[in-house]
Amino acid sequence: MERTFAIIKPDAVADGNAGNILALIEKNGFKVLALRKQHLTRPIAEGFYAVHKGKGFFEELIAFMTEGPVILLALEREDAVAKWREVMGATNPEKAEAGTVRKLYGANIGRNASHGSDSQENAAIELAWFFRGYELN
Ligand code: RTP
Ligand code: MG
């Protein structure tokens, strides 16, 4: 079994799409190990997205991720990292496959409804950034 880290981003939470996204997560065979609603502060969001610091979209990304509450998720499944990125679809909703989270609920490349770790290594780092070990069971 593999774990990944997911975020239902502020746009999707504000639009009332969190339940639909959770249903899609369960329909695709993920076990929700941990779940928490949280309004990210700037230091937490900047730490989480530190890899993007210096890029043109960084400020816009931090403003977006801190504009309202998100839902943080620890997910488990076989091949969880790749499978969750498949269920989310491409970063740009316009390029995402039909039926994916971003196609269904994303507005544009910035406001794209969800996050997913891009490797097993980053999944472990991101899970540890947001959850305590005892929460992951
Ligand atoms: P994520 O990390 O959120 O799962 O998304 P990703 O791997 O598909 O995309 P990544 O390149 O890591 O970008 C992180 C997030 O930054 C925003 N973004 N905006 N305006 C832009 O050109 C732009 N590019 C990226 C998106 O919210 C993206 O998910
Ligand atoms: Mg990424």
Here the qualifying pairs (Cβ atoms under 7 Å; residues six or more apart or on different chains; first in segment 42-58 and more than 22 Å from residue 121 (Cα to Cα); second more than 8 Å from ligand 1 (Cβ to nearest atom)) come out as 42/62; 42/66
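Hey, among the residues in segment 61-72 that are β-branched (Val, Ile, Thr) and either surrounded by fewer than 17 Cβ atoms within 10 Å (Cβ to Cβ) or within 16 Å of ligand 2 (Cβ to nearest atom) (or both), which one's nearest to residue 128 (Cα to Cα)?
Taking segment 61-72 first, the residues β-branched (Val, Ile, Thr) are 62, 66, 70-71.
If we keep only those that are either surrounded by fewer than 17 Cβ atoms within 10 Å (Cβ to Cβ) or within 16 Å of ligand 2 (Cβ to nearest atom) (or both) too, we end up with 62, 70.
Working: 62: 20, 70: 17 Å.
This residue is 70.
Please indicate, with yes or no, whether at least one residue in segment 50-60 is among the hydrophobic types (A, V, I, L, M, F, W, C), crowded, with 16+ Cβ neighbours inside 10 Å and within 16 Å of ligand 1 (Cβ to nearest atom). I'd like the intermediate steps shown before the answer.
The first filter runs over segment 50-60 and keeps only residues among the hydrophobic types (A, V, I, L, M, F, W, C), leaving 50-51, 57-58.
Adding the requirement that they be crowded, with 16+ Cβ neighbours inside 10 Å leaves none.
No, segment 50-60 contains no residue that is among the hydrophobic types (A, V, I, L, M, F, W, C), crowded, with 16+ Cβ neighbours inside 10 Å and within 16 Å of ligand 1 (Cβ to nearest atom).
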The correct count of residues that are over 15 Å from the mean Cα position of the chain (by Cα), away from ligand 2 (no atom under 15 Å from the Cβ) and at pLDDT 95 or above in segment 109-133 is 1
Just one listed residue, out of 7, 62, is modelled with pLDDT of 95 or more, touching a helix residue (DSSP H, G or I) at 6+ places or on another chain (Cβ under 7 Å) and among the β-branched types (Val, Ile, Thr), and it is 62
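Can you go through 106, 89 and tell me which one is on the phi > 0 side of the Ramachandran plot and crowded, with 19+ Cβ neighbours inside 10 Å?
89
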Every listed condition ((1) over 19 Å from residue 135 (Cβ atoms); (2) in contact (Cβ under 8 Å) with a residue 60 or more places away in the chain; (3) surrounded by 14 or more Cβ atoms within 10 Å (Cβ to Cβ)) holds for residue 76 save (1)
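For segment 110-129, enumerate the residues that are among the hydrophobic types (A, V, I, L, M, F, W, C) and surrounded by 19 or more Cβ atoms within 10 Å (Cβ to Cβ).
Correct list: 113, 123, 127.
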Those residues of segment 30-41 which are away from ligand 1 (no atom under 14 Å from the Cβ) and either surrounded by 12 or more Cβ atoms within 10 Å (Cβ to Cβ) or without any contact (Cβ under 8 Å) to a residue 24 or more places away in the chain (or both) amount to 30, 31, 32, 33, 34, 35, 36, 38, 39
Could you please let me know if residue 5 is touching a residue at least 40 places away in the same chain (Cβ under 8 Å), surrounded by fewer than 16 Cβ atoms within 10 Å (Cβ to Cβ) and within 15 Å of ligand 1 (Cβ to nearest atom)?
no
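The values are calculated or read from the model by the stated rules, or taken from the named source; none is laboratory data. If you're wondering where the values come from, they're calculated on a predicted model, not measured in any experiment. Heads up, the Cβs are rebuilt from the backbone with ideal geometry, glycines too, and the neighbour counts pull from every protein chain shown.
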